[in-house]
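This report concerns only the one structure given below.
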Amino acid sequence: MTPSKHERQALREILRRAYHERENVEVGDQWQEEVMRRIRELDEIEARPSSLVMFEQLVWRLAPLTCLLILGLTLLLSSVDFISGYDVIQLLMNSTEEITLNQFFGL
């Protein structure tokens, strides 16, 4: 919600007047304590991270698991006789797709 032109002009005039009258303002001895008291009385602002930050945290939490999964699959595929896509289609067409876990792991 943006302020109207009239509101911005009024705010600018108030700030301009306060700036020019800054020399005439008298400050008491306790001004620092009063400022700190008012700061302590302010409500806390709830800091909610944006969706992008939350997604980034999720990605970095899953990165080690993903690397381990890639490493494990690479080791598994290197130990098993990996066949090309054409051979897989031939296996399916010849109805020899029933490969058991014993055959797959060489047991």
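The values are calculated or read from the model by the stated rules, or taken from the named source; none is laboratory data. From a predicted model like this one, the values you see are computed outputs, not experimental measurements. Note that we place each Cβ from the backbone using ideal geometry, even for glycine, and neighbour counts take in every protein chain shown.
Restricting to the stretch 36-52, name every residue that is surrounded by 10 or more Cβ atoms within 10 Å (Cβ to Cβ) and assigned to a helix (DSSP H, G or I).
Matches in the stretch 36-52: MET36, ARG37.
Return the residues of the stretch 29-70 that are at pLDDT below 90 and among the basic types (Lys, Arg); say none if nothing qualifies.
Passing the criteria: ARG37, ARG38, ARG40, ARG48.
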